[in-house]
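This report refers to the structure that appears directly beneath it.
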Ligand code: SF4
Ligand code: SF4
């Protein structure tokens, strides 16, 4: 039976314990979080004026890496596959404008918060304090940045997850009849999962990385190290573009979408050669 437990949750990260989910499925969801879940990001920039020290290309690249709020954009903008080619249909792009001037006698820093949305106030930078460029006296930049939905497998700027990892859940058993409390395992444990405290060996499985260092140094072979079958920890950290729980839900939806695509293609191929399922 499948069950899910929230082990940790913050504004930007979530850790789930998945039980009864085969490793291949859990890994597909982990990968989809990085590569398949769409977000909105700046894809091209029209420069009206740029007399700063940075080239158009560098500014465009820096703008592309600014995370934009994507929660509502997922429902309101066309999917990445609909927006390819030189003449994409309406509903693909959101525009943001940036205009800034240098000032006499001081350097002006232009931040992500200086990007102004044109028609859609919900597509704005997640953070307003990312420096984009600096302007000296009599320097000026004026541009239109156009953002669209995309996927992380096309470019990392569209990936909503900065971290998406799956890990085993350790099981540590110390055989009391063999343990001499020499403390060697605790000294060699890099993550402090083992600690000698008040004459006892205390075990914190949550910290264990299954590196096996303790097993190697324990001469009486008092430690049995294993991991739980069909139980995994999925940790997702968001760039801020989407809430972490939304990333996980969309990862499942995107994995299902890919499987349905595969199913449709199989149906087409089989029917073209006269094979019925
Ligand atoms: S190294 Fe082995 S014997 Fe020594 S404290 Fe650890 S478990 Fe016990
Ligand atoms: S396997 Fe590594 S991390 Fe886990 S308890 Fe042993 S030494 Fe520590």
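The values are calculated or read from the model by the stated rules, or taken from the named source; none is laboratory data. Computed from a predicted model, the values in this text were never measured in an experiment. Because the Cβ atoms are built from the backbone with ideal geometry, glycine has one as well, and the counts that use them run over all protein chains shown.
Values for this structure:
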{"quantity": "Single residue of segment 161-195 satisfying the filter (more than 7 Å from ligand 1 (Cβ to nearest atom) and more than 24 Å from residue 233 (Cβ to Cβ)) that is nearest to the chain's Cα centre (by Cα)", "calculated": "187"}
{"quantity": "Checking residue 201 against (1) in contact with a strand residue (DSSP E or B) (Cβ under 6 Å, 6 or more places away or on another chain); (2) in contact (Cβ under 8 Å) with a residue 40 or more places away in the chain; (3) surrounded by 14 or more Cβ atoms within 10 Å (Cβ to Cβ), the condition it does not meet", "calculated": "(2)"}
{"quantity": "Some residue of segment 83-94 being under 30 Å from residue 140 (Cβ atoms), in contact with a strand residue (DSSP E or B) (Cβ under 7 Å, 6 or more places away or on another chain) and outside any loop (DSSP other than H, G, I, E, B)", "calculated": "yes"}
{"quantity": "Tally of residues being farther than 16 Å from residue 59 by Cβ and under 20 Å from the mean Cα position of the chain (by Cα) across segment 102-127", "calculated": "4"}
{"quantity": "From the options 44, 97, 48, residue that is closer than 25 Å to residue 130 by Cβ, touching a strand residue (DSSP E or B) at 6+ places or on another chain (Cβ under 8 Å) and at pLDDT below 95", "calculated": "44"}
{"quantity": "Flag for residue 173 being over 20 Å from residue 240 (Cβ atoms), modelled with pLDDT of 95 or more and surrounded by fewer than 14 Cβ atoms within 10 Å (Cβ to Cβ)", "calculated": "yes"}
{"quantity": "Leading residue by the ranking (farthest from the chain's Cα centre (by Cα)) among those in segment 204-242 that are within 7 Å of ligand 2 (Cβ to nearest atom) and exposed (fewer than 14 other Cβ atoms within 10 Å of the Cβ)", "calculated": "212"}
{"quantity": "Which listed residue, of 257, 235, is out of contact with any helix residue (DSSP H, G or I) (no Cβ under 7 Å at 6 or more places or on another chain) and closer than 18 Å to residue 162 by Cβ", "calculated": "235"}
